[in-house]
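What follows draws every value from the coordinates through simple rules; no lab data is involved. Because the structure is predicted, anything quoted here is derived from the model rather than measured. So basically every Cβ, Gly included, is an ideal-geometry build from the backbone, and we count neighbours across all protein chains shown.
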Amino acid sequence: MTTVDNGVNVQALLDAREALRSAPEAAQFTWRASAKWQNGVHSTATVEKFFGLGQEQTHKSESVFSADHPEVFAAADQGITPIEYLLVGLASCLTAGVASVAQNRGIQLRSVESTVEGAHDIRGILGVDSDVRNGYNDIKVTFNIDADASKEEIEALVAQSQKRSAVYDALTNPTNITVEVA
Amino acid sequence: MANSWRRERWDSLRLLTPNWLSRLPGHAYDGPDPDGYMTMGEVVEFIEHFAQGIKVRTGVEVTSVGPADSGYQLATSQGPLTARTVVLAGGAYNRATVPPLVLPPQIRQMTPLDYRGPGDLDQAGVLVVGASATGVQLAAEIQRSGRQVTLAVGEHVRLPRLHRGRDVLWWMHESGVWDERWDRIDDLDRARRLPSPQLAGTPERSTLDLNTLTALGVELVGRFALVRDGAALFSGGLRNVCSLADLKMRRLLTAFDEWAGVTAPAEEIAPTAVPPAARLKIDLNRGEIGTVLWATGFRPDYSWLHVPVVDPKGRLRHEGGVVDAPGLYALGLPMLRRRRSSFINGIEDDARAIVDHLAAGL
């Protein structure tokens, strides 16, 4: 018998699920990013600390993200567009889900690749037409997966990864947002 | 007797199980249409027939059950009673579950417990929330009555009425799926919360899935998520809940075929056709929607049960119907002891097991 290893410690996740069933307060996480204006429409965002399992936590290292806009927006293009970060988040969240679900279902993955496309009518953000929304009208994710599994099993992996994806939920369902000036 | 069938169901409802499968101990359907589905009146009659010769006190409302020195103290509409053992068999559908969303005041809100038929509605559009058995049945009926229905679809269980010419519940029954036991199931909590499959008992034995509803003119939207500025906001995840339901249905039908050893291809079932751009928002102040009908599930009512056996989520603590208090039992709840537990057909085996346990304790 070959052992399926996608590098996901599913047992730890299942144990956590069991432990948090009786300790919902430990399941309350707060993710944080802090952003700083650089110049023009260029900003940098830093992510290092978060809260979870009842205490402050720190990533192994701080990550810094540069966000700007492309030259066709008359900007300096010193980083990707903020709305592209949503695609990065969605793709990586779904990919992590595919790997985890595959591990849990005993499916060995050989490669998982995806492309994400967000259809965006920029007349919204430019205020050209008030009927056009600011955000994406539609997002399409296409997975190419090579694994020891049938087509249906692979489709089920992808469906289940959406069902359990934080970013998929954050993008498909409304979220209350409070923005304040400190 | 048969109070909820008599008083708490809409007029057109029929059982989801075919007549031949709606069996009680020593009492089976012997009419001319074994493949049909009983109307509510027929269900009431069926149960009344079964009860002939059994000592039943009818018309007694139990208003309270609490602990007593050696058993339980009951308050009823006909005075107090004491009992050494009590079997809770009031069912799991006593109250309609309605999500805590605040709708504009001119929107009429109904639950399946208030609804009797489309004649109860005005002519405006109806937003039916929930696409399990209740939601799809009411959506179809209301759309056919000439009112525009929008159906908010969350996770659901899709099933064809017939598979290879036989009722899909025949397959559940015969293949052993319905016999899966509560103590052998991976995620019992999930199994007990599983919504009723998209089935309807109609004389035509036809399938009632989202494709049927779309063909009737029903508009599909995603799960009803939030009301903001008077607008209903729906999830953009409609495609995935439909994919999940399609995949699970195919997996189940394939398992039936494997059990039966059939390899010839079955009738092709089209994947759920999801509208390319399902609406994410409907302004509830524009008059398009006059009524919101919450088909968002039911739950049991234990407000009269003064024994600490209900968890914070309102679920009864029991092991296969043996409730977590001496002499207290339950019957007729989803996945109580088997997948068939919440069907009329499931009561016999469950009742025998419970009565054995109960009798051993006397």
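Odds and ends about this structure:
- Peptide packing for A:18-25, B:25-32 was compared via the average number of neighbouring C-beta atoms within 10 Å per residue; ordered from the highest value, the list is B:25-32, A:18-25.
- Counts of other chain beta carbons within 10 angstrom of each beta carbon in peptide A:133-139 average 1.
- The phi torsions of the stretch A:153-170, fed into the Karplus equation with coefficients 6.51, -1.76 and 1.60 and a -60° offset, translate into couplings of 5, 5, 4, 5, 4, 5, 5, 5, 5, 5, 4, 10, 9, 5, 6, 4, 5, 4 Hz, rounded to whole numbers, with Gly and Pro shown as x.
- Overall form of the stretch A:28-80 per C-alpha gyration tensor (a/c, 1.5; a/b vs b/c): prolate
- Residues whose amide H falls under 5 Å from that of B:THR76, counting only those 5 or more places apart or on a different chain, are B:THR63, B:LEU81, with hydrogens built in the peptide plane.
- Chain A: relative contact order as a whole-number percent, Cα under 8 Å and 6+ apart: 17 percent
- Highest-first arrangement of B:132-140, B:57-65, where packing means the average Cβ count within 10 Å: B:132-140, B:57-65
- Among the listed pairs A:LYS49/A:LYS140; A:LYS49/A:LYS163; A:LYS163/B:LYS313; A:LYS49/B:LYS248, those whose Cα-Cα separation exceeds 29 Å are A:LYS49/A:LYS140; A:LYS49/B:LYS248.
- Gap separating the Cα centres of the stretch B:285-360 and the stretch A:108-124, nearest whole Å: 44 Å
- Taking GluC sites (Glu not before Pro) across the stretch B:261-362, the ones in a DSSP loop with at most 10 further Cβ atoms lying within 10 angstrom of their Cβ are B:GLU267, B:GLU268.
- In the stretch A:15-103, chymotrypsin sites (Phe, Trp or Tyr not before Pro) in a DSSP loop with at most 13 other beta-carbon atoms within 10 Å: A:PHE29
- Sequentially through the stretch B:339-344, phi angles give Karplus couplings (6.51, -1.76, 1.60; θ = phi - 60°) of 4, 7, 4, 8, 9, 3 Hz, Gly and Pro residues having no value and appearing as x.
- Taking the DSSP bridge list for the protein assembly as shown and keeping only pairs wholly inside it, about 70 percent are antiparallel.
- Unit charges at the beta carbon, dipole of chain B: most positive-side option, B:GLY321, B:GLN123, B:GLY26: B:GLN123
- Interchain or long-range residues, amide H under 5 Å from B:ALA200's placed H: B:LEU208
- Label point of B:MET1 set 7 angstrom out along Cα-Cβ; within the stretch B:52-82, amide nitrogens under 14 Å from it belong to B:52-60.
- Counting Cβ atoms of other protein chains within 10 Å of each residue's Cβ and taking the mean over peptide B:236-245 gives 5.
- Here the Karplus curve 6.51 cos²θ - 1.76 cosθ + 1.60, taken at θ = phi - 60°, turns the phi angles of the stretch B:105-114 into couplings of x, 6, 7, 7, 10, 9, 10, x, 6, 8 Hz, with x standing for Gly and Pro.
- 10 Å Cβ neighbours from other chains, averaged over peptide A:171-179: 4
- Rounded to the nearest 20, the size of the Cβ-charge dipole of the protein assembly as shown about its Cα centre is 1000 debye, with Lys and Arg at +1 and Asp and Glu at -1.
- Sequence-separation-based contact order of chain B, relative, with Cα cut under 8 Å and 6+ spacing, percent: 24 percent
- When you count the other C-beta atoms within 10 angstrom of each residue and take the mean per peptide, B:273-279, B:240-246 line up highest first as B:240-246, B:273-279.
- Whole-angstrom gap from the stretch A:1-29 to the stretch B:45-124, using each part's C-alpha centre: 40 Å
- The GluC sites (Glu not before Pro) of the stretch A:44-94 include none that meets both conditions, a loop assignment by DSSP and at most 14 other Cβ atoms within 10 Å of the site Cβ.
- Close amide H partners of A:GLN38, meaning residues 5 or more places away or on another chain with modelled amide H under 5 Å apart, are A:SER43, A:THR44.
- Three-way shape label, the stretch B:1-115, alpha-carbon gyration tensor, a/c 1.5: oblate
- For the stretch B:212-274, the Stokes-Einstein estimate of translational diffusion at 25 °C and a viscosity of 0.890 mPa s comes to 172 µm²/s, using the Kirkwood hydrodynamic radius over alpha-carbon pairs.
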